[in-house]
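Below is one structure; the comments refer to it alone.
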Amino acid sequence: MFRSKKNSNKYHNYIIVSEKDTGVRNYHFSKKFVVLSIGLSIVTISTVLFFTANALTGVIHQAKMDNLKSSYEHLSETLASLQSQLESVAGEVGSIEEKDQAIRTYAGLPQIDKDVRKLGVGGTDFKTKKIDDIPPDISNRISEIEMNVNALSRKVKLELSSYNNLYEVVRNHSDNLKYVPSIRPVQSGYIGSGYGYREDPFNGKTRFHYGLDIACNVGTKVYAPADGKIKFAGNQGGFGKVVKIDHTNGYRTIFAHLSEINVKSGTKVKRGDLIALSGKSGRTVGPHLHYEVHHYGAPQNPLDYFFSGYLK
């Protein structure tokens, strides 16, 4: 039980009586002391509340910063992955463009201008906008990806238009394509000397090389690149053992430096038929296959006629 005893002076007496009758305690405080104690208590509680609130604010702020950093890193990884996928698709489009050029050669259509291929046609109209509340580097990467998608969209639209055109031509002239050289004559080996001017390996003089020299082991199988008829099969001076095939529509292919010939003159062959084995007969510095493509007597770059690495 708590009782207050008032005095006429500036002091106050406080008597505390226990309900268990353990005794009575008397406390004597001045008014100034009471006011001071209450003030100190308020200041202490306010200080504790201030620092507690400040600490909690710091914890919450740090948690938000950690979450923002995690989101930023995730967004960066997502953008990097998207950019990598775009580059992969761009590479596939490049491969499609090469095949498109080959098909146009077979179909007798003019090649698409390089500048036109670079720019493409049509496509989606992306409008790059400044994005608020996003770091500049992320905003720039997003804008770059938008432009890459735009360019890729234009190229794809160009290829679709080209393939639609090619489809109509190929469908109308499909029977003629089987006479166009369109596969590698050997499945293995690498190109040691290409089509064009080169230094003669024997005398060092610059001369025009009318075919491809495909380095391969002696005995590598040589296949007919298209349907046709064997025009010549035998020895021919510096070319050694040679096979020549006449195809329809003015195409002729020549295979030289062979080690073995498996066909005879006048024999009809189809694309993928075995015609000979490579070697090093005639005038040569090592085993390889010399391969030429002619169209109405004019030499062509055989690389333009390698539509596929497969035989059929």
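Coordinate-derived values only; no laboratory data. None of the values given here were measured: they were computed from a predicted structure. Here the Cβ positions follow ideal geometry from the backbone for every residue, glycine too, while neighbour counts run over all protein chains shown.
Tabulated values for the structure
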| quantity | calculated |
| --- | --- |
| Cβ crowding within 10 Å averaged over residues, with 282-288, 233-239 ranked highest first | 282-288, 233-239 |
| Protection-proxy order for peptides 291-299, 76-84, 221-229, each taking the mean of Cβ atoms within 10 Å per residue, highest first | 221-229, 291-299, 76-84 |
| Cut-off under 5 Å, modelled amide H: who pairs with ALA276 long-range | VAL222, ASN262 |
| Cross-link pairs LYS231/LYS280; LYS178/LYS264; LYS241/LYS268 - those with Cα-Cα distance over 29 Å | none |
| Burial order of peptide ranges 184-193, 45-54 (average beta-carbon count within 10 Å, highest first) | 184-193, 45-54 |
| Gain upon complete extension [GLN85, LYS99; 0.36 nm per residue less C-alpha separation] | 2.9 nm |
| Residues with amide H under 5 Å from that of TYR251, placed H, sequence gap 5 or more | TYR296 |
| 5 angstrom amide H check on VAL242, placed H, neighbours 5+ away | GLY234, ASN235, GLN236 |
| Relative contact order (%) - criterion: Cα under 8 Å, at least six apart; region: region 190-305 | 29 |
| Cα-based shape type of region 190-305, given that a ≥ b ≥ c are square roots of the gyration tensor eigenvalues and the cut on a/c is 1.5 | oblate |
